[in-house]
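Read the figures in this text as sums done on the coordinates, not as results from a lab. Computed from a predicted structure; not experimentally measured. Neighbour counts are summed over all protein chains in view; Cβ atoms, including those assigned to glycine, are modelled from backbone coordinates with ideal geometry.
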Amino acid sequence: MIELKKVSKVYKNGVGALNGVDVTINQGDFVYVVGPSGAGKTSFIKMMYREETPSEGQVFMNGVEVASLKKKEVPYLRRDIGVIFQDFKLLQRKSVYENVAFALEVIEENPRKIRRRVLSVLDQVGLKHKARFIPAQLSGGEQQRVAIARAIVNNPKLVIADEPTGNLDPETSWDIMQTFEDINASGTTVIMATHSKDIVNQMRKRVIAMENGRVVRDEHRGEYGYEV
Amino acid sequence: MIELKKVSKVYKNGVGALNGVDVTINQGDFVYVVGPSGAGKTSFIKMMYREETPSEGQVFMNGVEVASLKKKEVPYLRRDIGVIFQDFKLLQRKSVYENVAFALEVIEENPRKIRRRVLSVLDQVGLKHKARFIPAQLSGGEQQRVAIARAIVNNPKLVIADEPTGNLDPETSWDIMQTFEDINASGTTVIMATHSKDIVNQMRKRVIAMENGRVVRDEHRGEYGYEV
Amino acid sequence: MKFSTARRHIREGSKNIIRNSWMTVASVGAVTTTLILVGIFLTLILNLNQVAENIEEDVEMTVYAELTAGEEELNELEQNLSELQNIRSLDFSSKEEELEKLVEDMGDTGEQWGSVFEDSNPLNDAFYIKANQATQYKSLSEQIQGMDYVDEVSYSQTTVENLLSFNQYARYIGIGFISALLLTAIFLISNTIKMTIIARQEEIGIMKLVGAKNSFIRWPFFVEGALMGVLGSIIPIGIVIGGYYYLYENFNDKINMAFVELLPFNPFALQISLILLGIGVFIGIWGSVMSVRKFLNV
Amino acid sequence: MKFSTARRHIREGSKNIIRNSWMTVASVGAVTTTLILVGIFLTLILNLNQVAENIEEDVEMTVYAELTAGEEELNELEQNLSELQNIRSLDFSSKEEELEKLVEDMGDTGEQWGSVFEDSNPLNDAFYIKANQATQYKSLSEQIQGMDYVDEVSYSQTTVENLLSFNQYARYIGIGFISALLLTAIFLISNTIKMTIIARQEEIGIMKLVGAKNSFIRWPFFVEGALMGVLGSIIPIGIVIGGYYYLYENFNDKINMAFVELLPFNPFALQISLILLGIGVFIGIWGSVMSVRKFLNV
Ligand SMILES: Nc1ncnc2c1ncn2[C@@H]1O[C@H](COP(=O)(O)OP(=O)(O)OP(=O)(O)O)[C@@H](O)[C@H]1O
Ligand SMILES: Nc1ncnc2c1ncn2[C@@H]1O[C@H](COP(=O)(O)OP(=O)(O)OP(=O)(O)O)[C@@H](O)[C@H]1O
Ligand SMILES: [Mg+2]
Ligand SMILES: [Mg+2]
């Protein structure tokens, strides 16, 4: 369970990205986060895996306050969360295979299992044949799919996807959405920031709409849109 | 005028990205390039500003064969082309203002003119108030708009946009598309690779559809789609 | 740490060496350059030290017994002398032996004198003493002068003292130089490694975001540092050993000054190789540790 | 290049120094470390060179005229000698002056002898000659020996030759050392700068894609390199000048050996500062040029 209590975030340069955000997301939920460019979607998401900590308010992940975690404990928090970053954040010097395997290596998974699992996930996103390439040799959409594969490879309890279909054609997008539906059906929470009206409107789920750092709408089975 | 004659591209690692592409684009055209992830859209575009050279065939920009240009001449070719890269390619250590101004500094524009022009373009993409920030302090969509501003700041004769709305909400996307329409109306050629069905279908223009490195469809006032 | 994880770290570290070929060349280059300097200086200083020791070892002190001392008294004196501390050797030379030596030293004219003095030998019986360390002659001589039956104690006081202070200075300067050089080397190399890591700052950040613990990130860098140290010490070892071999073979015989003799090639080459290798590995690992720490707290 | 562009390059270069603060510290650190070494060595070697020159300058040659030579002959000889090439000074000292000097040198006993010899002076008239360079004594002495009225030519041949070869060796070694050190410095610094540029490889790539000419990209790096050179030479200059000042003030008087005298602080401090600054700037720019070139062809 994820709880944000009156969370505000002001970045060092004085920009206020979140402003009194109160949100609760239960285990197993599927949530879209929508809003205009710069609304605070990415900042909202970053609170959960502690890339940023709130300037005010608190974030609880499964009852634990994230800001109070010791440095040593942060990796364990992150291992339970699969994040698809808006800018992918792939390791540029490592191959596609190694990028995905990395998420399993850090939890010291057995090497044989790693191999099996990585290849299966790469197959799922349609990139098994490019396992040996490095990110610079991939198209934008292919890189995005590597990021997706890395996020889901260790079967995390929570998947956070920041604009995961921005570089994908509609068909591939639907395949990816199907994957998210599947892992959600198996009990994984999915939080997805998106600008895709089509996806939000066709796959009706809970929609959190943000604007100027505030949650302006929070509807179950909602539609794309944020202007109140 | 842009002419690609039987252009094929095989990357060093053996991946064939383009396969006998024959395309002519006239000055003042507005062209969408569509196709599934990995179809070769970005590779197609890279031929024009000589980030890559063809393995076979020839590319002519205004009658000059691009591959035959001397190293010294390449910058001049690029100055007439405004490129919005799929991964933005912003200078991470420079502010938004400096990033945009850079395109004018390289042509040794007069400093006062640079200032006026940069601020006006930043205003156009809605980022004048963030001129002093560095890219890492911007949201994904804001970064994308900086890339757009840099591409159009020196009034190039050709604007190449690779997925320029992938990180933008629908409304901002439409604003940007309006900007492209405007500069196209003033005689600038616009080539835009995109996955956005909505945009392609609502702003009917010429559509080049690619698949597996081949042009599978080339229609005026076409619709989104590539499956033959 | 699991065994498979350890293997992974070693593999990663080695791969990084190859992948960042440019950086590796730069870092290894820095290690190489500085180790060459260190190697040459070390060779020089160890040899100079040896020379100094040879010289010090040759210093000796002569104790002249009183002319009137008989066998008994001489025995007593010898007894007393042999009870002194810090003495390495004690040799007796009777006045007859002294005369023989003198005659020999004087050459032709000596022979004439020899026969003259044969019956009324004017020389003293003498004891030759070597101290454990050259610094001890002064206090030894003071002690001995207080003994019975001692006529005179002679050791070229100023020579020994000059020599000692010269050696001392030479050593200080040598040690100072080597230390400065090593510090420079460590600084430069950790500098270099730091930069390879700055260049990978982003990479480290991503790893942390994906849930890697600091130690997990650190280990491959250690391996990399150690490997770079090893690679960086190969050429210096080659140069120093090769150069020393050449010198040793060609010049050791020709240097005809007393005391000056190169350290024997055989153990020396091995020793200096191990020292250079050790320094290289130490610097490599240390540089990595220092610099990774800087960026793990990001 | 337009004036506004030049200004931009300088501004950019300076900004980079501040922005990449980490890299700047690393690069400047490398320059600093190596320049300190270079500075110390340069000071040492320049002073040693001075000592060597002092010694060489003191060498002189004495030409003894035949005892029978009269005033006319002496004049002829002087004429011949003064026509020799490579001569710096030529002084005549009559047999009477020679005697005076001798008497003076001999002290008390000298006075007795002086009166004895006053009437029948057994000494020769002599010419004292200094050559332009110590290497020229040998050939000079051969030429002079062939002249009329010359009894004997005397200059301590072996001393001069030993001295010469010693000085020669010392200089070779010194020059070799400085060169090695400078090469090392250049290598290490270009290494460092190369890495700061590797880290900016992507940046350079983007600039090229936006239509920047190579020279446009290069200039700010030049400025940056030069500035880093300047920054890197500040501390070494401070240390060398400070240290030299201390030495000069405290030890110059106490060193009582002939010939050994430190170079005067005043022009020397300025000279070495300029040399170090020059080397720093040169290395900085050179390192930049070398390394940018590598990545501009990407
Ligand atoms: N590291 C940062 N430092 C300073 N300001 C930041 C930083 N990251 C984001 N911001 C600012 O915070 C605001 C919210 O950014 P955020 O990335 O959360 O937006 P977003 O909703 O994800 O937008 P987009 O849809 O464009 O990705 C923006 O105005 C942005 O400029
Ligand atoms: N530098 C490269 N080296 C090797 N292969 C490459 C390189 N760039 C692209 N490719 C390969 O070429 C093919 C076409 O890539 P391209 O980037 O042109 O696709 P795209 O149509 O732009 O896809 P997307 O919509 O995902 O951006 C892909 O299979 C990709 O893996
Ligand atoms: Mg965002
Ligand atoms: Mg693309």
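Worth a mention:
- Per DSSP, loop GluC sites (Glu not before Pro) in region B:149-228 with at most 12 further Cβ within 10 Å: B:Glu227
- Computed E for D:Ser21/B:Thr53 - FRET, C-beta separation, R0 30 angstrom, nearest 0.05: 0.20
- Loop-located trypsin sites (Lys or Arg not before Pro) in region B:147-228 (DSSP state not H, G, I, E or B) with no more than 10 neighbouring Cβ atoms inside 10 Å: B:Arg221.
- Classification of region D:1-75 by its C-alpha gyration tensor yields an oblate form. The axis ratio a/c (a ≥ b ≥ c) is 1.5 or more, and b/c is at least a/b.
- Cross-link pairs A:Lys128/B:Lys12; B:Lys41/B:Lys72; B:Lys46/D:Lys15 - those with Cα-Cα distance over 22 Å: B:Lys41/B:Lys72; B:Lys46/D:Lys15
- Checking every one of the GluC sites (Glu not before Pro) in region D:70-100 against DSSP loop status and a limit of 14 other Cβ atoms within 10 Å picks out D:Glu83.
- Contact order normalised by residue count of region B:1-109, Cα under 8 Å, 6+ apart, percent: 25
- Calculated FRET value between D:Phe265 and D:Phe41, using beta carbons and R₀ = 25 Å, to 0.05: 0.85
- Using R0 = 22 Å, the C-beta based FRET efficiency linking B:Glu223 and A:Glu171 works out to 0.90.
- Environment charge of C:Val210, counting only residues whose C-beta is closer than 10 Å and scoring Lys/Arg +1, Asp/Glu -1: +4
- Cα gyration tensor shape of region A:1-83, rounded if a/c is under 1.5, else prolate or oblate by comparing a/b with b/c: oblate
- Taking trypsin sites (Lys or Arg not before Pro) as exposed when DSSP calls them loop and at most 13 other C-beta atoms lie within 10 angstrom, chain D has its longest site-free stretch at D:3-253.
- Look at where the Cα atoms of region B:36-50 and of region A:118-181 average out, and the two centres are 21 Å apart.
- In chain A, the beta carbon lying closest to the axis that superposes A onto B belongs to the residue given here with its whole-angstrom distance, A:Gly166, 2.
- With a simple spin-label model that places each label point 7 Å from the Cα along the Cα-to-Cβ direction, the separation between D:Phe282 and B:Val216 comes to 6.5 nm.
- Across the identical copies, how the D:Ser139 labels are spaced - nm, sorted shortest first, 7 Å along Cα→Cβ: 6.2
- Residue among D:Ala226, D:Ala30, D:Ala180 with the largest mean-square fluctuation in a Gaussian network model of chain D, springs linking Cα atoms under 10 Å: D:Ala180
- Mean separation of Cα contacts under 8 Å (6+ apart) over length of chain B, as relative contact order %: 28
- The local environment of C:Phe268, defined by Cβ-Cβ distances under 15 Å, has a net charge of -3 under the rule Lys, Arg +1 and Asp, Glu -1.
- Averaging the sequence gap over all C-alpha pairs within less than 8 Å and six or more residues apart, then dividing by the number of residues, gives chain D a relative contact order of 32 percent.
- Shape call, chain D: gyration tensor on alpha carbons, a/c limit 1.5: prolate
- Placing a label point 7 Å from Cα along the Cα-to-Cβ direction at C:Arg7 gives distances to the equivalent points in the other copies of 6.5 nm, listed shortest first.
- Other copies of B:Glu56: label-to-label distances in nm, shortest first, labels 7 Å along the beta-carbon direction: 6.6
- Membrane-span-like helices in chain D, defined here as complete DSSP H runs extending at least 30 Å along the helix axis by their C-alpha atoms with mean Kyte-Doolittle hydropathy no lower than 0.5, are D:21-58, D:157-198, D:214-251, D:265-296; this is a sequence and geometry rule, not a statement about a membrane.
- Net charge of neighbours whose Cβ lies under 11 Å from the Cβ of A:Gly57, counting Lys and Arg as +1 and Asp and Glu as -1: -1
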